[in-house]
1. I need the inter-copy label distances for residue C:125: point set 7 Å along Cα to C-beta, values in nm with one decimal, smallest first.
2. Per residue, what volume in Å³ does the Cα convex hull of the protein assembly as shown take up?
3. How well do other chains shield peptide B:36-42, expressed as the mean number of their Cβ atoms within 10 Å of each residue Cβ?
4. Place the label 7 angstrom along Cα→C-beta at residue C:105 and in each other copy, then list the distances from the first to the rest in nm, shortest first.
5. Normalised by the number of residues in region D:98-138, what is the relative contact order in percent for Cα pairs under 8 Å and 6+ residues apart?
6. Once a ≥ b ≥ c are taken as the square roots of the eigenvalues of the Cα gyration tensor of region A:2-138, is the result rounded (a/c under 1.5), prolate (a/b larger than b/c) or oblate (a/b not larger than b/c)?
7. Which three lengths, in whole Å and largest first, does region A:35-110 cover when its Cα atoms are put on their principal axes?
8. Taking chain B as the reference, fit the longest principal axis to its C-alpha atoms, fit the long axis of helix B:31-48 to the helix C-alpha atoms, and give the angle between the two in degrees, 0 to 90, nearest 10.
């Protein structure tokens, strides 16, 4: 997930059960649902942060989501979304992800990255990454 | 689930993990997603049928879905959908359902019933319930 | 929509464009999406209420949704959801609905009813229907 | 949308009505729904192709979707998804997109690009872009 010498830190490993309703008229999981899977991992990681992931002065927003679809997913399936810490800037960081098969980790259904920006919800302006968020990335 | 002396047969017990994305702007699981939960149980039951739940001459359709919302669901939550066999007619049967908390079965989030009709997909006309489906109801 | 001599009042007529993504692996609009269509009509009606449909002391919740699926919907399609005022009680009322084709009003895709209860969001207890809501029903 | 001297061809302009149910617990349209909006434009364009966009020997799949979220969308809103032809290769092409406000075209809610690959559904292998698809890109 990284060309650096130091491997990226895995932020969360979120198992997800695919639902029949995740499929579309092609009989595969719809592309938009991959974003929901990644969101589930992201929120589970947010929820694990101490002392919290948002308050009245600081909250994250999703600025970008880039997904490469590698292999169709068909119901029933058990998958895992892995989120990794990427480059961190002043107010944002990149979180890359992989969606793999729960029982066959070598099967990669999708991979990509997302950009998370911390803002002040009152002003909508970006702020410095909260120290405890930055600390959780390394 | 039944006024009869004989208790209704439980067709399936489907655990479902609530996703953050199941919630709407009220911060509760959206009402439409309950239908997806019930669908997941129904499809898991369909899938368990031997020798299969649909073929080129016989397939089920959902004719009605009636849901009573008892208690809001908030992420994160682990729920269970239970499907019970109700009255069977010539070409249809009623499947009642309950959505309960996985760890606190006395917490009922919703209950209701659905009507499933078997049709010939080529003609769209209702057909007699396949014998193996009828057998699975009792 | 009513056995009464007085016809039910139509609360709203909400046109909806079916999206390709509304369909499921059966190539028809998924049953759960009908609930989203009805919700769209309900919220458009809520939004039309003067002086507003919720405040810190009073807000509606959906207590029940009963849907009869009459005819599959296939993309592309333009539909209309009609919401009608039904019986009103102290704190709730029944709103029946029809989902019809925009260009062929005799084509009924689904019909059913829903129960809306007004509660105090602080206590979760039901309250009397706000006067302006009750007035909008007749 | 392009650094080339020749401006990119607009493939489709798809108006979409935002639904209340598109919003999530943040009170904004959920990020996954943007993918559904883009999909709607893509499918409308597919549908406009003559003589058709898929057959037993050739069908498109979505290989990548990259979205930059510029501005939150709140219900009610009327938006437009514009799809533009980008670089074409042997079996794939890039389609960039913009999601803008219907009445204020200078308001850009999101922009990004997608990669569409044509495959033989029987083998899963990529094939040459059908001639009529390639012709529609210029």
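1. Distances between equivalent label points, in nm: 4.6, 5.9, 7.3.
2. On the way: hull volume 106.1 nm³, N = 552.
So the per-residue hull volume is 192 Å³.
3. 5
4. Those label-point separations list as 3.5, 5.2, 6.2 nm.
5. Reported relative contact order: 23 percent.
6. Here region A:2-138 falls in the prolate category.
7. Extents along the principal axes: 41, 21, 17 Å.
8. Rounded to the nearest ten degrees, it is 40.
Read-outs throughout are calculated quantities, based only on the coordinates presented, and are distinct from any laboratory measurement. The model shown is predicted, which means the values in this text are computed figures rather than measured ones. Methodologically, a virtual Cβ is constructed for each residue, glycine included, from the backbone with ideal geometry; neighbour enumeration extends over all protein chains shown.
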